2 protein chains.
Amino acid sequence: MEPHRALVYARKHRPRFLAELKEFLRLPSVSSQPARKKDVAGCAAWLAAHLRRVGLDRVHVIPTQGNPIVYGSRQRGAGYPTLLIYGHYDVLPGEPLGEWKTQPFAPTVRGNRLYARGASDDKGQLFCHIKAIESFLAAEGKLPINVKCLFEGEEEIGSPHLFSFIARNKNALRADAAIISDTRMIAQGRPAISYAQRGGLRAEITIEGPEHELHSGSFGGAVHNPLQVLCEMVAGLHDERGRVTIPGFYDDVVAWSEKERRFMRRSGPSDEKIRQEAGVEGSWGEAGHTLYERITTRPALTVNGIAGGHSGHGHKAIIPSRAVAKLSFRLVPNQDPSKIGKLFRDHIAEVTPVTVRSSVRVQSPIRPALMNRNDPAMQTAAFAYKKGFGTSPLFLRSGGSIPVINSFQDELGVPVVLMGFGLPGDNIHAPNESFHLPTFFRAIDTCIWHLAAFAHRSPDQRSRPSERIRERIAL
Amino acid sequence: MEPHRALVYARKHRPRFLAELKEFLRLPSVSSQPARKKDVAGCAAWLAAHLRRVGLDRVHVIPTQGNPIVYGSRQRGAGYPTLLIYGHYDVLPGEPLGEWKTQPFAPTVRGNRLYARGASDDKGQLFCHIKAIESFLAAEGKLPINVKCLFEGEEEIGSPHLFSFIARNKNALRADAAIISDTRMIAQGRPAISYAQRGGLRAEITIEGPEHELHSGSFGGAVHNPLQVLCEMVAGLHDERGRVTIPGFYDDVVAWSEKERRFMRRSGPSDEKIRQEAGVEGSWGEAGHTLYERITTRPALTVNGIAGGHSGHGHKAIIPSRAVAKLSFRLVPNQDPSKIGKLFRDHIAEVTPVTVRSSVRVQSPIRPALMNRNDPAMQTAAFAYKKGFGTSPLFLRSGGSIPVINSFQDELGVPVVLMGFGLPGDNIHAPNESFHLPTFFRAIDTCIWHLAAFAHRSPDQRSRPSERIRERIAL
């Protein structure tokens, strides 16, 4: 089946698709802020209604102990392959609001970009699949395959309720492959499939000193300052060569084969390119590794925020009574988040001076994920990209974490394909996040081609390693 | 003149005095928050009206480029000694509000304490002098001496406009001594006169890295994190022995004579006492010095607050684009704040890695101050304390900074006496600040005695070193 009618339909309805995406983005579904709980639920209801409208049946807003899961499916028939489409409708907070040109939940088109929190991560990307499904159903009256859509509302807080849901619903979620669009292309018109993601672990260190704030005049020089202690701890987490100092931290890190490193050097971005994307002149980190390796095959520890003392307007001459640092680990094969959490706790306890009390909280463990570049599901996605963007995708590793990959691989036993549509300039997780509209429309075409191609995979294709993708993952 | 009638009057009107102080404390005269500018002006107007009401003439609210100065005087006659009374009606912010039992600007009596921001620092203390003046005028129809009251509204932000005002008004402010009540007693019923104050300097370090926040998944491990750099800098400001590492920092620090150190050991608080007051079990700081020395004759550098990244609810996986630390120096004879500021700038520039940009702002320089323990003005104050509290004061050094002392000493050439009425448990600069009411009433009595005694100083007393105070300052 060549999806011409679906493509024509999609092209014709682009203005409405954009208007609908803006509606979706207007809903401030911030999962990390308890005050936004109702907004998240409202967004889930909107999404479910939208899935019903485009023609999915069996649409459910499934309550969890946290934010609801939105599920919708449409059956073509028993003999057809089944595609599981995953996305997340929750977003990060918009703060700092002052740095946005237009407000994060007031979607605005400027030039060929749509600005809003979640525009690229992940509402805009998941919306491409919905619009592809709609286009098929509206143009053909049916889909070429069975589809199951699983959209969660807690990705940005580590998906605390999704994995148990997947484990409890293995049968209902059974599929031939899972597709996730929550990653980036290399540049405009240059698609990429990420075949590796780093794992993660969030950590919080709290240092407590005097019972209450002290006047730094009265006690400065005689009382250990919890904020200073915290700085010493954070500073001590890396050595001068950019390596994490937690004892045992690198014990389980895989040293990749020279073949894989060569493949990475050939396909991956240069140091210069990565510096450019980051907007920095100088790079930093572990010697002996390219920047691409540092952000994909090497682990990292980042301090994401510190709160301690008076940091607002003016100056308060105080020794604070406590200080808190929020950190995040990025982990790589074969690091185990729970083991790393324990090493971290032990290390912090070890370096805590007797003059203060420390406590450590770790949460949201995510194991690193690796996907087989040679799986036929990868081929199908590569073909769809080629049709949608006119060029074959590169196979790359990513530095981020998509916790659901482990769950799909292990619980459902399906190959996972990361068919991302984000661009480096999308500013995800930052002020002025946006989605590139020409990419949005091509991505819808790509998803239409993907649905069509997924139907036509021969049994052979399902098992034979791709010939176009020659490199093997060398673990 | 025995001030019996004034004392009787003061005792009789205690409930009203308390009610008036609550009125004064209700005005949120926070000098460090621009949004409070009108409230500060309102407080100045209230204070001026109050000075007029108690009988001062020549009361003025004098505008400055910042907050107004409130001035009021009452002349007894040309042959009488003149006392200059200084205080500040501005206060620190109430934040963090959540830690107050009752709100900072809703003065509340609980037990024998009055809780409010400014209750002890400095509204409550300066109010004692006003009530003493009122008591004399109401009971006697006249004061025993000439008084000049000078109340500023910018002490908590380093008095940026007071010193030039004093320099421009030397004649109008001419006096035989200046008295300041903005320090602490040792404990209930145990008065103290501070004869030394540390100087100060506020500093802010800003570290800038990537142009905007980056996703720590995408770039963690390859981009230098400004918040991590800031932690390294702050951590590096002290060595493991608690000494400040800025090159040249200790060059001008006076090594006190063994005699002075003995006097300090005899009169000053023990290590245990200081730990108790701070509410900590372990102390910290420069080896080879008692805690009392560390907080008075030794300089200190305190990080007062850090802002960087996401420190609110939830977690944001970011590499922040900038981070800021606010610090304060406490300086001792003969450190020069402007020299220290330069050393600090040079040091930060020196330790800034090439991967980020740093900038340093210093402000509010205050030179360390030393007062002669043997000056007759000290005697007069000691006599008043003895009358008011039944016991002679100890002569102590303080760790804080009162910037006006230098100005009075240098510009007006008057001896300065710090006759404080605060108590260690007052929680100044912290949540739940309060003033001990029995001390408040005794302090009013003390101020009445002080006015009386100041009138009776013989010419001899004005020049002869006190016999009761045997120790000399050994510079």
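Structure notes:
- Its Cα gyration tensor gives chain A an equivalent ellipsoid. The semi-axes, each the square root of 5 times an eigenvalue, are 41, 26, 21 Å from largest down.
- Legend: residues B:GLU286, B:GLU204, A:GLU350, sorted from most to least accessible area (1.4 Å probe; ligands, DNA and RNA excluded), read A:GLU350, B:GLU204, B:GLU286.
- Mean sequence separation of contacting Cα pairs (under 8 Å, at least six apart), scaled by the length of segment B:47-138, corresponds to a relative contact order of 25 percent.
- Taking the Cα centre of segment A:1-160 as reference, the dipole from Cβ charges on Lys and Arg (+1) and Asp and Glu (-1) amounts to some 700 debye.
- Under 20 Å from the A:SER164 label point (7 Å along Cα→beta-carbon), backbone N, segment A:355-375: A:362-367
- Proximal charge balance of A:HIS310 [Cβ under 9 Å; K/R count +1, D/E count -1]: 0
- For segment A:284-328, the spread of Cα positions along the three principal axes, ordered from largest to smallest, is 44, 17, 14 Å.
- With DNA, RNA and ligands ignored, accessible area of A:TYR9 (1.4 Å probe; Å², nearest 10): 50
- A:TYR250/B:LYS101 FRET efficiency (R0 35 Å; Cβ-Cβ; nearest 0.05): 0.10
- Inter-copy spacing of B:ARG265 label points, which lie 7 Å from Cα along Cα→Cβ, given in nm from shortest upward: 6.8
- Check: segment A:87-210 dipole with +1 on Lys, Arg Cβ and -1 on Asp, Glu Cβ, in debye: 520
- Based on C-alpha pairs under 8 angstrom that are at least 6 apart in sequence, chain B has a relative contact order of 25 percent.
- List A:GLU154, A:GLU2, ordered by accessible area with a 1.4 Å probe, largest first: A:GLU2, A:GLU154
- Chain A: DSSP helices with Cα axial extent of at least 18 Å and average Kyte-Doolittle hydropathy no lower than -0.5: A:37-54, A:123-140, A:337-351, A:376-389, A:437-455
- From the alpha carbon centroid of segment B:243-272 to that of segment B:418-434 is 24 Å.
- Size of segment A:301-381 as Cα extents on the principal axes (Å, biggest first): 63, 33, 14
- Projecting 7 Å from Cα along the Cα-to-Cβ direction, the label point of B:ARG16 sits 8.1 nm from its equivalents in the other copies, listed shortest first.
- Binning the C-alpha pair distances of the protein assembly as shown at 20 Å intervals from 0 yields a P(r) profile of 13, 37, 25, 17, 7, 1 %, listed from the shortest bin outward.
- Taking the helices alone, the protein assembly as shown has a mean residue ellipticity at 222 nm of -10000 deg cm²/dmol, built from -39,500 (n - 2.57) per DSSP H run of at least 4 residues and averaged over all its residues.
- Within the accessible area of chain A (1.4 Å probe), percent carbon and sulfur: 49
- Computed over segment B:178-290, Kirkwood Rh from alpha-carbon pairs, angstrom: 19.0
- Positive dipole terminus of chain A, leading residue within A:THR108, A:ASN225, A:HIS238 (C-beta point charges): A:THR108
- Partner shielding of A:321-328 amounts to 5, given as the average count of beta-carbon atoms from other chains within 10 Å of each residue beta-carbon.
- Only Cα sites of segment A:249-316 enter the Debye sum here, all with the same form factor; the resulting log10 I(q)/I(0) across q = 0.12 1/Å is -0.48, listed in q order.
- Measuring with a 1.4 angstrom probe and ignoring ligands and nucleic acids, A:ASP252 comes out at about 60 Å² accessible.
- Anchor A:LYS326: lysines whose Cα lies under 18 Å away (excluding residues fewer than 8 positions away in-chain): A:LYS342, B:LYS316
- Size descriptors for segment B:137-189: radius of gyration and Dmax over Cα atoms are 15.0, 40 Å.
- When only alpha carbons are used to place a centre, segment A:130-163 and segment A:72-97 end up 3 Å from one another.
- Within the protein assembly as shown, DSSP assigns beta bridges of which about 70% are antiparallel (rounded to the nearest 5).
- Calculated from the alpha-carbon coordinates, segment A:121-210 shows an Rg and a Dmax of 18.3, 70 Å respectively.
- Ordering B:ARG14, B:ARG174, B:ARG294, A:ARG190 by accessible surface, largest first, gives B:ARG174, A:ARG190, B:ARG14, B:ARG294; the 1.4 Å probe counts only protein heavy atoms, with every chain in place.
- Rounded to the nearest 10 Å², the accessible area of A:TYR250 at probe 1.4 Å: 40
- When B and A come together, around 6800 square angstrom of accessible surface is lost from both chains combined, probe 1.4 Å.
- Range of Cα positions in segment B:75-170 per principal axis (Å), largest first: 54, 37, 13
- Per-q log10 I(q)/I(0), segment B:367-459, q = 0.11, 0.16, 0.23 Å⁻¹ (Debye; single scatterer per alpha-carbon; no solvent): -0.37, -0.78, -1.30
- Between B:ILE402, A:GLY248, A:LEU451, the Cα set farthest toward the positive side of the dipole of the protein assembly as shown (charges on each charged residue's Cβ, about the Cα centre) is that of A:LEU451.
- Based on every Cα atom in segment B:9-138, Rg and the maximum pairwise Cα distance Dmax equal 15.5, 54 Å.
- In segment A:114-253, Cα pairs under 8 Å separated by at least six residues give a relative contact order of 14 percent.
- Subtracting the Cα-Cα distance of B:ASP271 and B:ALA78 from 0.36 nm times their residue separation leaves 64.6 nm of extension gain.
- Kirkwood analysis of segment B:237-281, using all unique Cα-Cα pairs, places the hydrodynamic radius at 13.2 Å.
- Each copy carries a label point for B:ALA45 at 7 Å from Cα along the beta-carbon vector; from one copy to the others these points are 4.9 nm apart, nearest first.
The values are calculated or read from the model by the stated rules, or taken from the named source; none is laboratory data. It should be emphasised that the depicted structure is a prediction, and the values quoted were computed from it without experimental measurement. Backbone-built Cβ (ideal geometry, glycine too); neighbour counts: all protein chains shown. Note: accessible area is taken over every heavy atom of the protein model, side chains too, but ligands, DNA and RNA are not part of it. Shrake-Rupley method; radii C 1.70, N 1.55, O 1.52, S 1.80 Å.
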